[in-house]
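Shown next, in structure tokens, is the structure this report addresses.
The values are calculated or read from the model by the stated rules, or taken from the named source; none is laboratory data. Note that the structure is predicted; figures quoted are calculated from it, not measured. Neighbour counts run over all protein chains shown; Cβ positions are idealised from the backbone, glycine included.
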Amino acid sequence: RKAELAAWVGKPSVSKDGHRVELAANIGKLEDVQKALDNGAEGIGLFRTEFLYMGRENLPTEEEQFQSYKYVLEKMEGKPVVIRTLDIGGDKELPYMDLPKESNPFLGQRALRLCLERDELFRTQLRALLRASRFGNLKIMFPMIAVREELLEAKRILEEEKQSLMQAGIEVSDSIEVGMMIEVPSAAIAADLFAPDVDFFSIGTNDLIQYTMAADRMNETVSYLYQPAHPSILRLIGMVIDAARREGKWVGLCGEMAGDLASVPLLLGLGLHEFSMSAGSILQTRELIGSLSHSEWQEHAKHALTLRGQDEVQAYVQTQRQGGQ
Ligand code: PEP
Ligand code: MG
């Protein structure tokens with residue numbers, strides 16, 4: 001089985017009827033890059049940079065971050081690398097930062113909200129990213145955006161840092177794409193309001209499902225509500241993809257759902273461009289996509305949105321797959 005899957009390394013990800021998508025890897029540590037390549041990743045769809053900040057006593061310096069980003073970009077040799085700015089808070093804590101205790105940390109000052117408040121922390125990371133940009137194909141992504149003003153403010157700060165580096169004579173790539181995660185329902189519902197101001201979206205279903213269902217992703221007692229294939233989630237994903245397509249932008253998905261074989265046919269049908277997952281899931285997903293017809297799954301996905309619950313969706317997907325599609 002392992003050898004069978006290995007045959008998919010280095011192959012493009014194409015459906016039976018010739019529709020091409022990209023299968024990328026989620027990484028957290030530098031060691032993960034080699035694993036991504038060994039498993040045939042066509043890019044890095046999510047580099048969770050919080051791991052550079054965790055398990056230590058102080059903030060990583062600009063130089064330390066620069067070295068890490070440069071390493072990943074060089075190792076990927078021009079393949080796309082989406083690096084997410086710091087997503088701390090919620091379940092991810094930094095003891096040395098002494099952040100105020102909140103009664104609802106997942107609804108509090110996490111991720112970009114914290115970065116906009118602690119502007120110096122954010123600027124340090126952005127400078128490291130900008131300096132590393134000339135070593136590969138960098139795309140910068142902001143997490144947890146709920147309203148357009150946050151996106152514009154993050155982009156304004158990025159542009160300021162870019163100008164100041166360039167004035168200091170430091171080379172910065174002029175083709176860095178800038179995108180945002182869609183993990184807050186407000187951003188998914190109103191994706192058309194954000195689309196003109198980004199180069200891409202990446203849907204973070206781990207959080208999007210949690211916030212849509214109002215069910216803590218870590219809480220076992222409500223885990224029955226954690227339903228990736230619920231029509232509410234599928235409709236949100238469909239809305240995001242449609243809004244992006246109207247503006248000519250691409251859409252990725254970097255939550256666990258991207259590598260979930262039961263969800264992949266629907267995501268393909270909804271028109272997702274990039275699937276980013278843990279490296280170990282890439283080859284089996286490529287094999288599955290090769291067995292599916294994109295045009296047929298476009299129809300099936302449209303039908304799935306009209307079903308009444310996750311059970312019905314899953315049963316429907318199962319039936320269609322047994323039908324040989
Ligand atoms: C997500 O929310 O789907 C996501 C990819 O981000 P994280 O799991 O790091 O919160
Ligand atoms: Mg998230």
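I need every pair where a residue in region 45-71 that is farther than 28 Å from Ala258 by Cα has its Cβ under 6 Å from the Cβ of a residue that is of a type in the set (Gly, Ala, Ser) and not in a strand (DSSP E or B), sequence separation at least 6 or different chains. The qualifying pairs are Glu62/Ala128; Phe66/Ala128; Phe66/Ala132.
Can you tell me which residues in region 229-252 are within 12 Å of ligand 1 (Cβ to nearest atom), touching a residue at least 60 places away in the same chain (Cβ under 8 Å) and not small (Gly, Ala, Ser)? Within region 229-252, no residue meets the criteria.
Condition check ((1) at pLDDT 95 or above; (2) more than 16 Å from ligand 1 (Cβ to nearest atom); (3) over 15 Å from Met277 (Cβ atoms)) across all residues:
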{"residue": "Gly18", "(1), (2), (3)": "yes, yes, yes"}
{"residue": "Ala36", "(1), (2), (3)": "yes, no, no"}
{"residue": "Phe66", "(1), (2), (3)": "yes, yes, yes"}
{"residue": "Cys115", "(1), (2), (3)": "yes, no, yes"}
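All conditions in (1) farther than 22 Å from Cys254 by Cβ; (2) touching a Ser or Thr at 6+ places or on another chain (Cβ under 6 Å) hold for Ala6, with the sole exception of (2).
Of the residues in region 142-150, none is more than 16 Å from ligand 2 (Cβ to nearest atom), touching a Phe, Trp or Tyr at 6+ places or on another chain (Cβ under 7 Å), closer than 14 Å to Ile83 by Cα and of a type outside the set (A, V, I, L, M, F, W, C). Criterion first (touching a strand residue (DSSP E or B) at 6+ places or on another chain (Cβ under 9 Å) and either under 16 Å from Glu183 (Cα atoms) or within 16 Å of ligand 2 (Cβ to nearest atom) (or both)) does Leu253 satisfy it? The answer is yes for Leu253.
For region 261-283, the criterion of being surrounded by 19 or more Cβ atoms within 10 Å (Cβ to Cβ) and of a type in the set (Val, Ile, Thr) is satisfied by at least one residue. Taken over region 210-225, the criterion of being touching a helix residue (DSSP H, G or I) at 6+ places or on another chain (Cβ under 6 Å) and either within 16 Å of ligand 2 (Cβ to nearest atom) or of a type in the set (S, T, N, Q) (or both) is satisfied by Tyr211, Thr212, Met213, Ala215, Arg217.
Condition check for Tyr224 on (1) within 13 Å of the chain's Cα centre (by Cα); (2) farther than 26 Å from Asn137 by Cβ: one failure, at (1). When each of Leu23, Leu37, Leu46, Leu30 is tested for being touching a Cys at 6+ places or on another chain (Cβ under 7 Å), at negative phi and aliphatic (A, V, I, L, M), the lone residue that passes is Leu46. Listed conditions (1) over 23 Å from Val81 (Cα atoms); (2) in contact with a helix residue (DSSP H, G or I) (Cβ under 6 Å, 6 or more places away or on another chain); (3) within 16 Å of ligand 2 (Cβ to nearest atom) are all met by Asp192, apart from (3). Among the residues of region 121-147, those that are among the small types (Gly, Ala, Ser) and part of a helix (DSSP H, G or I) comprise Ala128, Ala132, Ser133. Scan region 109-124 and give yes if some residue there is touching a residue at least 24 places away in the same chain (Cβ under 8 Å), of a type in the set (S, T, N, Q) and under 18 Å from Leu46 (Cα atoms), otherwise no. Scanning region 109-124 turns up no residue that is touching a residue at least 24 places away in the same chain (Cβ under 8 Å), of a type in the set (S, T, N, Q) and under 18 Å from Leu46 (Cα atoms).
Taking region 304-325 as the range and being assigned to a loop (DSSP other than H, G, I, E, B), of a type outside the set (D, E, K, R) and within 18 Å of Leu236 (Cβ to Cβ) as the test, the residues that pass are Leu305, Thr306, Leu307, Gly309.
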